[in-house]
Every structure is written in structure tokens, then in C-alpha cells.
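Engineer: Here it is: the structure, laid out below.
The values are calculated or read from the model by the stated rules, or taken from the named source; none is laboratory data. Just so it is clear, the structure is predicted and the values come from calculations on it, not from any experiment. All Cβ positions, glycine included, derive from the backbone under ideal geometry; neighbour counts span all protein chains shown.
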Amino acid sequence: MTEQSTLWFTRVSGGRVNQRASDLLAALTSLATTSGSRLDRLRSAAALLRDSGRYRWVGLYDVDRRGGKVVNIVWDGPGAPEFPEFPTTKGLTGSAIAERKTVNVGDVSVDPRYLTAFGTTRSEIIVPIVNQDAIVVGTIDIESENPNAFDEATERLLEQCAHVLRLLWPGQA
């Protein structure tokens, strides 16, 4: 079974939204709106996102505009990020921040913006987390060992997840 066939996407089938996508969004909403440690809630969110598509790695990042850097907050997967902190102008993340839109790369080996984190990564998606003032305050970074792992429906779902998770960034309550 491929990653794409197991995703929790929001395709409408027979007039009903896929229950797994609905469950994922409900779980993330619960995490975002309940009290508790931000770090613990973000760790749980990263695990939920990783499990949702059986991805190899998920990271959540803060964007520090004053410092000009992107900083990993939490990750879920086999290892820590190769670049836990890097300039906001670098990599696929830098493009997502600059353009304020999702960057979805089906084959990272042919994209010069890619910062190699794991040698076996084939595809990666970076979803910006945008605050109420349309400023990118964080990102969701998901890596897969499969090429073209993120279809349009998955991209839309992850954008919905980013909208929910923005509540976990300062000033969004």
C-alpha cells in the first residue's frame, strides 16, 4: 500500500467527507483549543500528522522574523532534523515563507532549494502556518521516502491542519 492510498484527505465521496480527515481535523482542533503545555500539544500534533499518512518524518517550526531564522520546535520520526535552525531565506521552507503558500516537491533530488535532511527523502511538503495578520509564523514540514507522496487533496488537508494549528502560535488565541 502506498502512502497516497492511506492519506486522510478530504475527498468528497457520495456527499460525505472522508471520516479519517474529519477525525484528524477534530483531533488537531482539540489539541489547539485545550489547555496544557504548547510543546506537549505540538508534539502530539506532529505525531498525529505523521501517522495520518504513515510518513517517515514530520517537523513543526517557528519562524523568527526578527532573528531571520526558522527554528524546529518539535519533530516526530526516526531522528532529529539535520537543520534544527536555518535562515528564513533557505530551503523549501524559505520559499514557503516568502511566497506564503505551500511548497510541494515530488522529487527533492531535482530541486536545488532542498536542504538534505535524510538521504532517503524523495518528496517533501512545507505548509506555512499563517496568523490572522497574514504573516507566516510557523511551518509544517513533512517528508516521505516515496516520490510524489502529496497529492492535491492531501495538500488541501494539510493547509486546513495548518489553519487549525495556528492557534498554537503566540497571539492567535
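Engineer: So which pairs qualify, if the first residue must be in region 120-137 and in contact (Cβ under 8 Å) with a residue 12 or more places away in the chain, the second must be assigned to a loop (DSSP other than H, G, I, E, B) and of a type in the set (A, V, I, L, M), the Cβ gap must be under 7 Å, and the two must be at least 6 apart or on different chains?
Structural biologist: From region 120-137, the pairs are 123/149.
Engineer: Just wondering, is there one or more residues in region 94-108 that are among the polar types (S, T, N, Q), in contact with a helix residue (DSSP H, G or I) (Cβ under 6 Å, 6 or more places away or on another chain) and modelled with pLDDT of 95 or more?
Structural biologist: Yes, because at least one residue in region 94-108 is among the polar types (S, T, N, Q), in contact with a helix residue (DSSP H, G or I) (Cβ under 6 Å, 6 or more places away or on another chain) and modelled with pLDDT of 95 or more.
Engineer: On to the next question. What single numbered condition from (1) under 13 Å from the mean Cα position of the chain (by Cα); (2) surrounded by fewer than 16 Cβ atoms within 10 Å (Cβ to Cβ) fails to hold for residue 147?
Structural biologist: Unmet condition: (1).
Quick grid of which residues meet (1) at pLDDT 95 or above; (2) outside any helix (DSSP H, G or I); (3) surrounded by 13 or more Cβ atoms within 10 Å (Cβ to Cβ); (4) out of contact with any Gly (no Cβ under 6 Å at 6 or more places or on another chain):
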| position | (1), (2), (3), (4) |
| --- | --- |
| 2 | no, yes, no, yes |
| 10 | no, yes, yes, yes |
| 25 | yes, no, yes, yes |
| 39 | yes, no, no, yes |
| 43 | yes, no, yes, yes |
| 47 | yes, no, yes, yes |
| 52 | no, no, yes, yes |
| 59 | yes, yes, yes, yes |
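Engineer: On to the next question. For region 79-115, which residues satisfy the criterion of being touching a residue at least 24 places away in the same chain (Cβ under 8 Å), touching a strand residue (DSSP E or B) at 6+ places or on another chain (Cβ under 7 Å) and closer than 19 Å to residue 42 by Cα?
Structural biologist: 81, 93
Engineer: Mind listing whichever residues of region 84-114 are closer than 29 Å to residue 132 by Cβ, surrounded by 15 or more Cβ atoms within 10 Å (Cβ to Cβ) and among the hydrophobic types (A, V, I, L, M, F, W, C)?
Structural biologist: Once the filter is applied, which keeps residues that are closer than 29 Å to residue 132 by Cβ, surrounded by 15 or more Cβ atoms within 10 Å (Cβ to Cβ) and among the hydrophobic types (A, V, I, L, M, F, W, C), region 84-114 yields 86, 92, 96, 97, 103, 105.
Engineer: May I ask you to list the residues in region 127-158 that are more than 25 Å from residue 82 (Cβ to Cβ) and either out of contact with any Phe, Trp or Tyr (no Cβ under 8 Å at 6 or more places or on another chain) or not polar (S, T, N, Q) (or both)?
Structural biologist: Passing the criteria: 130, 132, 133, 134, 135, 151, 152, 153, 156, 157.
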